[in-house]
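Participant: Below are the structure tokens for one structure; questions will follow.
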Amino acid sequence: MIQKPKRDVNIFLYPGDWSNFLKSIDKSKNKLLYDLQFNTGARFDEVLHSRPMDFDFERNNVRLWKTKTKAKKGETVGKPRTISLSSEFSKRIKRFCSDKKPDEYLFKVSQAGYNQLLKRKLKELNVLNSESYSSHNIRKTHGMYLKALGIDIAEICTRLGHDYNTYIKHYGSADVFSEKDFGGIKNLLGDLYSRQRRY
């Protein structure tokens, strides 16, 4: 009997693999949802509940209001957080929102369907351990890219909605990127952490 592979929360995508994945789903109506999760590092449920009214296109940020409730910390409801977007990605979202109602959810897809498409396309692209990927690994990829760019851990934790210990346990892998990878990371994230994006 063939054993089903276990989900690996520590794997992430290299820049070339992520770019190829996006190209492979170019005609998917949910392409922008994958792109939104990648550009924010938010949880699947957080990006799924995005509405036009949650974006501030003047300041290039998004308010994640449907966040994880941390019962162990005494929360009865998730604490909203606002995080920045690159100017280029903000423009893409703005165009997508142009014909939507302010309180309309932008995406409609199940997490199972979202993960299945990710696994299937990565397998077609011959990405190692493709069957182990899920929405969590897109989030992991975002955190790894920020770490590679030298972003302060406190900022990464704030952005991901985690404390330091959780970051170290799930997002603090060693930097294994090549110079080519580093260039790809900068191209993918654009001016996310450049002050010039505000002007």
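Participant: In region 140-159, what residues are hydrophobic (A, V, I, L, M, F, W, C), under 20 Å from Phe44 (Cα atoms) and either surrounded by fewer than 16 Cβ atoms within 10 Å (Cβ to Cβ) or touching a helix residue (DSSP H, G or I) at 6+ places or on another chain (Cβ under 6 Å) (or both)?
Facilitator: The answer is Leu146, Ile156, Cys157.
Participant: Pick from Arg63, Arg51: which is surrounded by fewer than 16 Cβ atoms within 10 Å (Cβ to Cβ), over 22 Å from Val127 (Cβ atoms) and modelled with pLDDT of 95 or more?
Facilitator: Matching residue, one of Arg63, Arg51: Arg63.
Participant: Among (1) in a helix (DSSP H, G or I); (2) touching a strand residue (DSSP E or B) at 6+ places or on another chain (Cβ under 8 Å); (3) closer than 15 Å to Leu36 by Cα, there is one condition Thr158 misses while meeting the rest; what is its number?
Facilitator: (3)
Participant: Mind listing just one residue for me: the one in region 100-126 that is in contact (Cβ under 8 Å) with a residue 40 or more places away in the chain, within 14 Å of Leu22 (Cα to Cα) and in contact with a Phe, Trp or Tyr (Cβ under 7 Å, 6 or more places away or on another chain) and, of those, surrounded by the fewest Cβ atoms within 10 Å (Cβ to Cβ)?
Facilitator: In this case the residue turns out to be Leu125.
Participant: Might you let me know whether region 45-68 holds any residue that is part of a loop (DSSP other than H, G, I, E, B), without any contact (Cβ under 8 Å) to a residue 12 or more places away in the chain and among the polar types (S, T, N, Q)?
Facilitator: no
Participant: Which one of these does Leu192 not meet: (1) in a helix (DSSP H, G or I); (2) modelled with pLDDT of 95 or more?
Facilitator: Going through the list (1) in a helix (DSSP H, G or I); (2) modelled with pLDDT of 95 or more, Leu192 breaks only (1).
The values are calculated or read from the model by the stated rules, or taken from the named source; none is laboratory data. All values reported here derive from a predicted model rather than from experimental measurement. So basically every Cβ, Gly included, is an ideal-geometry build from the backbone, and we count neighbours across all protein chains shown.
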